[in-house]
Amino acid sequence: LAKTTQPISMDSYEGQEVNITCSHNNIATNDYITWYQQFPSQGPRFIIQGYKTKVTNEVASLFIPADRKSSTLSLPRVSLSDTAVYYCLVAPRGGGSYIPTFGRGTSLIVHP
Amino acid sequence: DVKVTQSSRYLVKRTGEKVFLECVQDMDHENMFWYRQDPGLGLRLIYFSYDVKMKEKGDIPEGYSVSREKKERFSLILESASTNQTSMYLCASTDEGGVFRNTEAFFGQGTRLTVV
């Protein structure tokens, strides 16, 4: 599995856009990039997944350059409730024997 | 709404006790996982299971065992609880899927275990 690297922590203020970048230099052809969000005292929850270019949903946008060696999770106009840990994972499409492997993630703190 | 349910949110147990943490999923998922989470260490995989009665060791299986007698239920067992097993325990499940199926992991709400 491709290893991922992301910043340990980030700080932001309400209303700002936050971009969290993840590097995955050894990503395989059939791998997808997946991001999870974890609030304190809860389990992680899936927020977005993409393969290339840009994916957007009601929570976030995911930007993936052509070489796919990195990706950027973008949270528009963050609020205090976006304070959480964000995990970047690389996962093959299709499940099978895939084991979700979580690193330390990026702890985002949003200030008033 | 899909769900992974862990039997307890909080547990306090004494050193040496045998502890059972239960996890049930209602999505007919083949794969189930137990993680523990400690400050600064992220999620670490303890055990996982691809099918009923099958189990595989994760990164930190020492001091733990698991049981999967039914597809929907995956139990984590602490044979003799110790204080260094005080932690947040998270259960997750994924679909075995096919080529176009999502490998999203669904998590329970976590069990915060304190061993005194």
note = Averaged over the residues of A:38-49, the number of partner chain Cβ atoms within 10 Å of each residue's own Cβ comes to 5
inquiry  = I want the local charge near A:ASN25. Using Cβ-Cβ distances under 11 Å, sum +1 for each Lys or Arg and -1 for each Asp or Glu among the other residues.
reply    = +2
request  = Taking the Cβ of B:LEU43 as the centre, find all other residues whose Cβ is under 11 Å away and add up their charges (Lys, Arg: +1; Asp, Glu: -1).
outcome  = +1
query = For the protein assembly as shown, what is the accessible area per residue in Å², given a 1.4 Å probe and the full set of protein chains?
reply = 49
Residue mean of other protein chain beta carbons inside 10 Å, B:104-111 = 5
Karplus-derived 3J(HN,Hα), 6.51/-1.76/1.60, for each residue of region A:101-109, Hz, glycine and proline x = 10, 9, x, 7, x, 10, 7, 9, 10
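The values are calculated or read from the model by the stated rules, or taken from the named source; none is laboratory data. Keep in mind the model is a prediction, meaning the values are calculated, not measured. Positions of Cβ are generated from backbone atoms using ideal geometry, with glycine treated the same way; all protein chains shown enter the neighbour counts. These accessible areas exclude ligands, DNA and RNA; they are computed on the full protein's heavy atoms, side chains included. Shrake-Rupley method; radii C 1.70, N 1.55, O 1.52, S 1.80 Å.
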